[in-house]
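The structure appears right after this line, and notes come after that.
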Amino acid sequence: QVQLVESGGGLVQAGDSLRLSCAASGLTFSGYNMGWFRQAPGKEREFVGAISRSGGATAYADSVKGRFTISRDNSKNTASLQMNSLKPEDTAVYYCAAALIFSKEPEQYRSWGQGTQVTVSS
């Protein structure tokens, strides 16, 4: 079965950087667009960014544009989210997800990881 496993979360201070990774198995990784979403306590899950199958196209939420970068390595079945200049409002559980369509909508993503906590202190 499809399995997506996020790692790399933690507790950091404002202005620090973190790199999240998503290891995929049970699917033809290069056939899927990958997305990153986050959910803060009491809030709905929100789109962070997405990367196309080949990595040739990316999209970001306005709130993270210029600070976060998504990449992927199809030879290793992994996707990454580099987060720089972190802010307290970035605090959330971060999820990676796989979709057949390049989309910002969580409904388009059929497989999800369990999430990794990112906490940014001020």
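The values are calculated or read from the model by the stated rules, or taken from the named source; none is laboratory data. Computed from a predicted structure; not experimentally measured. A quick note on method: Cβ atoms are made from the backbone with ideal geometry, for glycine too, and the neighbour counts reach across all protein chains shown. What goes into the accessible areas is simple: the full protein's heavy atoms, side chains included, and nothing from ligands, DNA or RNA. Shrake-Rupley method; radii C 1.70, N 1.55, O 1.52, S 1.80 Å.
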Enumerated strands (runs of 3 or more DSSP E) restricted to region 1-97, each holding at least 1 residues that are surrounded by fewer than 16 Cβ atoms within 10 Å (Cβ to Cβ) and among the acidic types (Asp, Glu): 46-51, 68-73
Filter pass, Lys104 being open to solvent by 30 Å² or more (accessible area, probe 1.4 Å) and under 24 Å from Val12 (Cβ atoms): no
